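Please treat every number below as a calculation from the coordinates, not as lab data. Not measured: the values here are computed from a predicted model. Cβ coordinates were reconstructed from backbone atoms using ideal geometry, including for glycine residues, and neighbour counts include every protein chain displayed.
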Amino acid sequence: MGPRRKASKLQPVGGSGGGELLPSPSETKDYINELSHEVLCHIFRYLPMKDIVCMESLSRKLREAVTLYLRVVKGVDLCAGRWWEYMPSGFTDSSFLLLLKKMPDLEQLYGLHPRYLDRRRVRGYEAFSIPGVLEALQACPNLLGVETSHLELVEAIWNYMPQVHILGKFRNRNGAFPIPAENKLTIPITAKIQTLHLVGVNVPEIPCVSMLRHLYLKWVRLTKPQPFKDFLCVSLRTFVMRNCAGPTNSLKYVPLVTGLASARNLEQLELVRVPFLGGLIQHVVEDSWRSGGFRNLHTIVFGACKNALEVDLGYLIITAARRLHELRIQPSLTKDGVFSALKMAELEFPQFETLHLGYVDEFLLQCKMTHSELVKYGLADVIENPGIITDIGIKVVNEVFTNIKYLLIYNCPHLHNPHHWITDQSRWSRLVDLSLVRCHAIKLESFAQFIESLPSLEFICLDQMFREPPKGCARVGLSAGTGIGVSSALVSNQNSNNDNENNNNNHHHNNEANLPPAPPPVNNNNNNQRQQQHNGKFPLHLQLLSHIGLVQQSTAGPASAVVPKPPLVISDSDSEEEEGLVSRLMPASSLQQTTSCTEGVSTSYCKGKTPLRRSNNVALPVSASVDQSKAPVPDISCEKSCQVTSEQIKADMKAAAENSRRTSVKGITGEARDTAQRADNGTPQNSGSAGSAARTGSVVSGAGAATSRQVGGCGRVVMGMSHRTTTTTDRVAGMGVVGPCGAPTGEAAAVNHASRRPLLTGQRERASGSDQDFVPRRPLTRSCTRMSSVSLVPETGKAEVTHLMRKRMADKSTSTSDPVTEDDHVQILSLKSKNLVGITLTNCGITDLVLKDCPKMMFIHATRCRVLKQLKVESAPIVNRFDYAQCKKLDMEQVLDQILRMPPERNRIIYMRPMHQIDTVALERQLFQGPYPYHIAIVHEFSNPPNIRNKVRIRSWMDTIANISQELIKYEFFPEATRTEEDIKNYPRYPWGRDIYTLEGMVDGAPYSMITDFPWLRTLRAADPNSYARYDFEDDESTTIYAPRRKGQLSADICMETIGEEISERRQSKRGVFQRVVVLFLHHCDTPGDPVDDDYI
């Protein structure tokens, strides 16, 4: 069809004598009606059915063409290819029958997705009903297949028109959980369907359906007692069963697994919360693998399968090794032994790419219901513990799956040192995407070292990683951040630091599905020898029993007194808020402890989560208590996860002695003197050490070194525990006064248990401000206090009053519940990677992000990182997208300065959602006045809930603005602007040598404001659309800042034709332009301080 001619009014030809007149605009030709019926029918093939039917009423010619088209058409789509939408509303039984009667040759009817269907007809009432649809379908004699998503309609088709196929993917649209009682479907054996996707449906059974290729069952209640009795789908390629309410008896799943084995072309197997019999898959695979059972699997997913064993998973993996490329493993099977066994099988996995360890289904992660509610609604009774795989297991993973590209690890708290995952046999040379979620024990320095060693890594995703310890943990000796609610000594490693490969090798086979890690052994050397013997001679369960027996023997006291120990429960923890974590860390037993040092009792026990320890308590006179710390007491309870060297001990002793001398000179209140005198008149009380005292030159370790503190002639034991030992919740800041018989007096009753008060001697003196040089020996590690800084020198002749100590301890605390001002735990993530493209941080506890050397890095996304403050860019030339959303402590000024000081090699967009009010004037001054060689735009967006339209559209046109400037500078010899220190001095006031203007408007009812010095933009926005204008795009100036497609401004060359006049003006005034632009997009929806939920972040 040629270009349409312009109709114009013509003047008479040949002067005033008259002449022939051409037609006026009102008499234009109707070109459509001049087309033949065949051409019109060809055009109809490209139109939706709704438009074709509308054309019947336009003209007689078109009505004839529509009738001819419908008579010969064989396939019709009522949704015009939009399978997710509903068919046009307004149909009734009679109108739908009339339409289908016009299509006698119809074979395939797509898009039969009615929004609502009545179950039955009502006399005298015109409606759209299931019987009416069936009648209309039966009016098409050649009908072969129908596409629908209506449960009752598909069942009616199966019952009354069994020869009709169900086309495409059948997926009901009214699925929900809890499963609605009205959603019912009975699947007949004769059903002609290839893809059946059921969500929230009650189904009696899954029969033998020979044509079925893809079966998805999600939230399906199987109502018959034997729902898989006749299950046999030989053509099945995909079987997914997620969170279904089926039989609780594991034996009833036997026909399901045998039926799946008979599907020789099965490619995808996903079982989530399916309580099949443990060991069943192993036996079925043994029987069927020779005939091709499970040989073609490329995806295997096990999630929350209550009885699944390692052999079930292992046999499937081994059988499908040739084609397997994705594997998701539930936490109970995420253990070292699975991969050690696969390594011993010596198989190759040539196509394997994706591994998800500790896999938990999204429904279980997002569901608000409790476990008991899920069980009440029919789901299997399963409680998942975190995966117990260790660094050794991850190391073996890459030795087994050498081609792995995508690795996701969820909630594996026994992983510590990622740089140990790399060996000569495990290079991770093809790993492209790494995601770590809730692996709280991974060390930041080791992780950075691991990233640097990965040659192909492009994407990093960290979620709930490197969590900051709760405030106050450093003072009370809690090890925060492990997130599983047990002592850090148990988490970090059972035998030693994770750096010690030998000890690890002895212990890593002892992991079982539902057992917590064993307590630390008492004598490392002896235990290692014993464990080697056990590992060599006994089966796994005997090794575990013998190991537990050793620990129980070692923890018994000298008097063989058995003290009950609270069970260690590894919860699927989340360590969300500081107070919540601390309350979980403290067991109920720790709040009701017995007195740790009482007269007449020679042993003391702590009922915390640390293992019980022997105590060598020797009755000593008070005069000898000073030398007690130097006495060579055997080192019985020893944990390497908390070490203090002899040099550190000597330094602490010296510092504490100096502090005691300095403070003793200062006056003591009269009340303190009276108390000291009353205490001196009493009988001296013997004091015993409640922990492991150290020999000179030996290593003191354990939960803490115990010191004997004498208060007014009465000895008292003060435990300095650097890990999650027993703490108090009382808010008394100082140590109380002890009477002559060891009983607390007055306010001191609140703190009468020394083991509940890990008050450090050195800290106590430092609180008075007398010693500025003493530095606690507590390195900045994730476990908060890996080393104990307890002074081992007892003090004599010093009494303290509670209110005095409260004054001195204003900035110190001995309980996590005390009000304390403490700086955030500094955690710096330093990235160095030659191929890294982007990093995504969510709920991470890092404070600083450093880009050391990332030549290919392009984006940084940080969301809800509470303590993220600073960004340092050393070398990342092409990073151009920065997203900081809901990072409440972000130093905006520092981050913006770092980004804008980068060499102008790329256009950059910075998206921020601050949680506090922004000083816009100061922000504009910083950006526009600073030494930044970019054109800058600051966009303030006020939509709530957040609208991302402006943000997304800016990315499409900011490059066009920069490209125009680059073209002018490179090819038109246009002056280039500079931003040197001299320029800054020349323009000290607004507008700082820039052409700054403001654009304002509304988007979806919310205002926006843009302050910028972008050249060309105002002219382009004001220009009329050109011949390239596209109206297929939804945006215009009323819905976004600038819509270049509506203007036809599709490239820099086209735009330069429009802005020629502005180019000349700038050239004449000698105002240069920058080659690059930066956009700062500020979304103010979170400004009140309450984060707004947003699906886009």
- Cα-Cα pairs in region 67-147 separated by more than 16 Å, as a whole percent of all pairs, come to 51 percent
- Size of region 967-1048 along its principal axes in angstrom, Cα-based, largest extent first? 48, 36, 15
- Task: Place a label point 7 angstrom from the Cα of Lys888 along the Cα-to-Cβ direction, then list the residues of region 906-942 whose backbone nitrogen is under 20 Å away.
- Result: 912-919
- Note on the structure: Residue-ordered couplings for region 196-208, obtained by feeding phi - 60° into the Karplus form 6.51 cos²θ - 1.76 cosθ + 1.60 and rounding to whole Hz (Gly and Pro as x), are 10, 10, 10, 10, x, 10, 8, 10, x, 7, 10, x, 7
- Percent of Cα pairs exceeding the 16 Å cut-off, where the set is region 105-185: 53 percent
- For 106-117, 382-393, 155-166, ranked highest to lowest by mean beta-carbon neighbours within 10 Å, the order is 382-393, 106-117, 155-166
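When ranked by the protection proxy of mean other Cβ atoms within 10 Å per residue, highest first, what sequence do the peptides 257-268, 119-130, 992-1003 form?
Descending packing order for the listed peptides: 257-268, 992-1003, 119-130.
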- Query: Under a point-charge model restricted to the Cβ atoms of Lys and Arg (+1) and Asp and Glu (-1), what is the dipole moment magnitude of region 140-218 relative to its Cα centre, in debye to the nearest 20?
  - Reply: 260 debye
- Query: Does a label point 7 Å from the Cα of Val432, set along Cα-to-beta-carbon, have any residues of region 288-332 with amide nitrogen under 15 Å, and which are they?
  - Reply: 325-326
- Task: Based on the mean of other Cβ atoms within 10 Å per residue, sort peptides 453-466, 317-330 so the most packed one is first.
- Result: 317-330, 453-466
- Task: Using a cut-off of 9 Å between beta-carbons, work out the net charge of the residues near Gly293 (Lys and Arg +1, Asp and Glu -1, Gly293 not included).
- Result: +2
- Over 17 Å, how big is the tail of the calculated P(r) for region 891-968, in percent of all Cα pairs? 53 percent
- Note on the structure: On the formula 1/(1 + (r/R0)^6), with r taken between the Cβ atoms of Glu399 and Glu981 and R0 of 45 Å, the FRET efficiency rounded to 0.05 is 0.20
- Message: Based on C-alpha coordinates, I'd like the Rg and Dmax of region 276-419, in Å.
- Response: 15.6, 45
- Query: Per 10 Å bin, what is the whole-percent P(r) computed from every C-alpha pair distance within region 128-265?
  - Reply: 12, 43, 34, 11, 2
- Decide, for region 293-339, between rounded, prolate and oblate: order the square roots of the alpha carbon gyration tensor eigenvalues as a ≥ b ≥ c, take rounded if a/c falls under 1.5, and otherwise choose prolate if a/b is larger than b/c, else oblate. prolate
- Task: Work out the count of Lys pairs in region 71-187 where the Cα-Cα distance is under 25 Å, with the pair 8 or more places apart or on different chains.
- Result: 4
- Task: Could you tally the net charge around Arg221, taking each other residue with its Cβ under 14 Å from the Cβ of Arg221, Lys/Arg +1 and Asp/Glu -1?
- Result: +4
- Message: Just to be sure I understand the model, the point goes 7 Å from the Cα along the line to the Cβ. What's the resulting Asn249 to Glu152 distance in nm?
- Response: 3.4 nm
- Item | Radius of gyration and Dmax over the Cα atoms of region 976-1097, both given in Å | 17.8, 51
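Output the direction-averaged projected area (hull surface divided by four) of the convex hull of the alpha-carbon atoms of region 210-314, in nm².
5.8 nm²
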- Message: Starting from the 7 Å offset along Cα-to-Cβ, what nm value, one decimal, do you get for the label separation of Thr223 and Ser456?
- Response: 5.1 nm
- Distance in nm between pseudo-label sites at Met1002 and Val375 (7 Å out along the Cβ direction from Cα): 5.5 nm
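Across all directions of projection, what mean area in square nanometres is found for the Cα convex hull of region 293-377?
Taking a quarter of the hull surface, the average projection is 6.4 nm².
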